[in-house]
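In what follows, a single structure is set out as structure tokens and then discussed.
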């Protein structure tokens, strides 16, 4: 084997531990060279570990050496390892464990000081020693062992805490100190304390085998048990966590602590994973969790993938206004929702109370998502919430969001900067008032040649324009008020500083933003982009139809007005009595194959059946499940399907109709006329959801509103109405018939009764 390059930190303890590894390598006749690497933790000896990175702080630099090929193995104190290693790296060797316990070190002959001042930077040691010395004061202590002992001798502390293994491995003169080795039951050590971990690249199989040979089997087993428990607790070294495994024959006694809680179990070694799972749940249940501030963007589709991932993992979601329905629909059903809306006219809760909610929910062990429209740090008070969390030492993360000060103008064809027109833009809050007026630098803003974007300023529009004119901004400066962006009610109102307030008088324009400057006179949208199409129906229909409309470039507003519930109680247990199955919708196909899966019915049992589908969409969905369609009508309606299918079938055929609970009678009537034997089974039900209806606006002001079924028409008009100038679009005759019961104006109907047919008829209408 080639000479091994060993990466290690440069402290005396790290080098002493590396010497232990080197002696083992010598016995294997391995040549080596030591390479000293300095970590961030070595450079910063002042701050607590939790403030400068904590988890994995001492090993990252060493792992970089391995990843970049500058070293072959790295020697670590095993207690410094995070539970997730860098990809491609493994712990190959674990020599025999040293002493696992902690030591409380004091000066010999020193009179006990009250209260004791104990030096340690470890949250675990503080948590444990508070039980032994409830009156003690704990102060941060960093540095190598020599430095810590020196600070104790200088009287900076009454006592310090040091790992026993560190004292054992260093050749130190300890005559002036009293050293009390704390029992495991008094102070549970850090995970894998006293162990040395030797890391290498997973692909270097020869080195992996070598490191396994220098390992102590019992220590390696204890290493695996303690690390497994550590991983199940999903914590890190910035939190008070400890674990210790003691093996006696085929049994292991596992002791662990987390945030002052303790747990001990004895089990067979082979059962340790199950026991560790239980211990982790017991220790971490209702313990402090984490808060993630998620900027949800300012419209449908504008939240980041990372933001959606955070929401999907949330136990609690604290949210306010200005959120797209798409975002709220992604909140897991299991998650607790807390509304803390802060629309300018109404304050659901003061900011201090919101801070307390975040802290409380996190301290109960929840994974909390603070969901805000736009970006949390753009007039979102996210900074205040983070400071409150930091005071309570609560873990937190910030996921940026697409901010309305840029995205909303873009939505309406306004670039906030444009070469030769505006080389800068300034974002101002139009909401904060002091002594009855907005406190901003009006003189500077009036002289600013760039774009001014006022957020939350709609109700103060007249004052904003007046102040800018008063301080010298030309009265004919273009102004755009952009309201309710990315909704079916979005609108753009244009004017000048002198008249925009009158233009907007009496109109409901919140939430909205104000854009002032030369770019406000621009509109870079195409004619199609200025059109708005609202798509109503079930989530499945809305998604399919929106996909079909993408090429039109119009603004699409998904409006899920119905939910689908599968009905399996009347479904047959087998299908031997039928020769045909008839589908009249994509929902029916989805429900049918869900039924087969849930009932564990083998697909081979339906291989002799033939299938009839009402149109190309159902044909496509059936093909996706691996089945071809045997009959499709010449016209995609229930009436034509029934009539033509009756002509196609033989005397001995029997049909199973799988469709919605409330369906057109035309299909069954035509089959009866043709003398066809059939059974009509409702396989799904469409419901108007009260929860969804609460998010729907009463007045829909789109250019087009699409309806995909008669039931969808009923759902829409239960909660909504059409604005003047809005054109309804129906997928087919039965939908149009239902529309006429609620609406007596002109409407469009697809030539082909499909999502593609709807797109075609709208495109044709736009061109006219």
Exercise for review: From the list 219, 266, pick out the single residue that is surrounded by 15 or more Cβ atoms within 10 Å (Cβ to Cβ), modelled with pLDDT of 95 or more and either more than 23 Å from residue 84 (Cα to Cα) or over 36 Å from the mean Cα position of the chain (by Cα) (or both).
Suggested key: 219
Review point. Any residue at all in the stretch 338-354 that is over 30 Å from residue 534 (Cα atoms), at pLDDT 90 or above and in a strand (DSSP E or B)?
Key: no
Review point. For the stretch 215-324, which strands (runs of 3 or more DSSP E) that fit wholly inside it have 2 or more residues that are under 28 Å from residue 196 (Cβ atoms)?
Key: 241-248, 251-258, 261-268
Review point. If we keep just the residues of the stretch 539-553 that are at pLDDT below 90 and in contact with a helix residue (DSSP H, G or I) (Cβ under 7 Å, 6 or more places away or on another chain), which is surrounded by the fewest Cβ atoms within 10 Å (Cβ to Cβ)?
Key: 553
Practice item. Please give the helices (runs of 4 or more DSSP H) falling wholly within the stretch 1-55 in which 1 or more residues are modelled with pLDDT of 70 or more. Key: 12-27
Exercise for review: Among the candidates 358, 387, single out the residue that is more than 23 Å from residue 497 (Cα to Cα) and free of Cβ contacts under 8 Å to residues at least 12 places away in the same chain.
Suggested key: 387
Review point. In the list 688, 683, 706, which residue meets the criterion of being more than 30 Å from residue 651 (Cβ to Cβ) and crowded, with 19+ Cβ neighbours inside 10 Å?
Key: 706
Practice item. Go through the residues of the stretch 244-260 one by one and say whether even a single one is touching a helix residue (DSSP H, G or I) at 6+ places or on another chain (Cβ under 8 Å), crowded, with 20+ Cβ neighbours inside 10 Å and modelled with pLDDT under 95. Key: yes
Practice item. Look through the stretch 471-483, keep the residues that are touching a helix residue (DSSP H, G or I) at 6+ places or on another chain (Cβ under 6 Å) and within 28 Å of residue 373 (Cβ to Cβ), and return whichever of them is surrounded by the most Cβ atoms within 10 Å (Cβ to Cβ). Key: 479
Check your understanding: What helices (runs of 4 or more DSSP H) completely inside the stretch 57-161 contain at least 2 residues that are surrounded by 15 or more Cβ atoms within 10 Å (Cβ to Cβ), in contact with a helix residue (DSSP H, G or I) (Cβ under 9 Å, 6 or more places away or on another chain) and in the same structural domain as residue 233 (by TED's automatic domain parsing)?
Key -> 60-67
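The rows are residues; the columns are (1) in contact with a strand residue (DSSP E or B) (Cβ under 9 Å, 6 or more places away or on another chain); (2) surrounded by 17 or more Cβ atoms within 10 Å (Cβ to Cβ).
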| position | (1), (2) |
| --- | --- |
| 700 | yes, yes |
| 741 | no, no |
| 745 | yes, no |
| 749 | yes, yes |
| 754 | no, yes |
Review point. Can you name the residue in the stretch 542-554 that is touching a strand residue (DSSP E or B) at 6+ places or on another chain (Cβ under 8 Å) and assigned to a helix (DSSP H, G or I) and, of all such residues, is farthest from residue 457 (Cα to Cα)?
Key: 545
Point to revise | Out of 678, 627, sole residue that is under 30 Å from residue 604 (Cα atoms), in contact (Cβ under 8 Å) with a residue 12 or more places away in the chain and in a strand (DSSP E or B) | key: 678
**Study point:** Candidate set: the stretch 325-334, residues that are touching a helix residue (DSSP H, G or I) at 6+ places or on another chain (Cβ under 8 Å) and part of a helix (DSSP H, G or I); chosen: the one surrounded by the most Cβ atoms within 10 Å (Cβ to Cβ)
**Key:** 327
Point to revise | Unique residue being at pLDDT below 90, touching a strand residue (DSSP E or B) at 6+ places or on another chain (Cβ under 8 Å) and farther than 19 Å from residue 534 by Cα when the list is 687, 656 | key: 687
Point to revise | All positions within the stretch 390-406 that are without any contact (Cβ under 8 Å) to a residue 60 or more places away in the chain and closer than 30 Å to residue 481 by Cβ | key: 406
Check your understanding: How do the strands (runs of 3 or more DSSP E) wholly within the stretch 489-539 filter down when requiring 2 or more residues that are over 30 Å from residue 686 (Cβ atoms) and touching a residue at least 60 places away in the same chain (Cβ under 8 Å): which remain?
Key -> 491-496, 512-516
Check your understanding: Of the numbered conditions (1) over 33 Å from the mean Cα position of the chain (by Cα); (2) assigned by TED's automatic domain parsing to the domain that holds residue 682, residue 544 satisfies every one except a single condition; which is it?
Key -> (1)
Check your understanding: Among (1) assigned to a strand (DSSP E or B); (2) in contact (Cβ under 8 Å) with a residue 40 or more places away in the chain, where does residue 481 come up short?
Key -> (2)
Practice item. Scan the stretch 569-592 residue by residue and report those that are more than 14 Å from residue 656 (Cβ to Cβ) and in contact with a helix residue (DSSP H, G or I) (Cβ under 9 Å, 6 or more places away or on another chain). Key: 585, 586, 587, 590
Review point. Taking the condition buried (at least 16 other Cβ atoms within 10 Å of the Cβ), within 36 Å of the chain's Cα centre (by Cα) and not assigned by TED's automatic domain parsing to the domain that holds residue 534, does residue 468 pass?
Key: no
**Study point:** Of residues in the stretch 601-613 being modelled with pLDDT under 95 and more than 21 Å from residue 565 (Cβ to Cβ), the one surrounded by the most Cβ atoms within 10 Å (Cβ to Cβ)
**Key:** 606
Review point. Restricting attention to the stretch 179-199, does a residue exist that is surrounded by fewer than 22 Cβ atoms within 10 Å (Cβ to Cβ) and over 30 Å from residue 239 (Cα atoms)?
Key: no
Check your understanding: Where in the stretch 366-455 are there helices (runs of 4 or more DSSP H), lying wholly inside it, with at least 2 residues that are surrounded by fewer than 21 Cβ atoms within 10 Å (Cβ to Cβ) and assigned by TED's automatic domain parsing to the domain that holds residue 512?
Key -> 404-411, 442-447
Review point. Can you tell me how many residues in the stretch 162-192 are touching a strand residue (DSSP E or B) at 6+ places or on another chain (Cβ under 6 Å) and assigned to a loop (DSSP other than H, G, I, E, B)?
Key: 7
Check your understanding: For residue 649, all conditions in the list (1) within 37 Å of the chain's Cα centre (by Cα); (2) buried (at least 20 other Cβ atoms within 10 Å of the Cβ); (3) in contact (Cβ under 8 Å) with a residue 40 or more places away in the chain hold save one; what is the number of the exception?
Key -> (1)
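The values are calculated or read from the model by the stated rules, or taken from the named source; none is laboratory data. Every value quoted in this text rests on a predicted model; they were computed, and no experiment measured them. Using ideal geometry, Cβ is built from the backbone for each residue, glycine included, and neighbour counts are taken over all protein chains shown.
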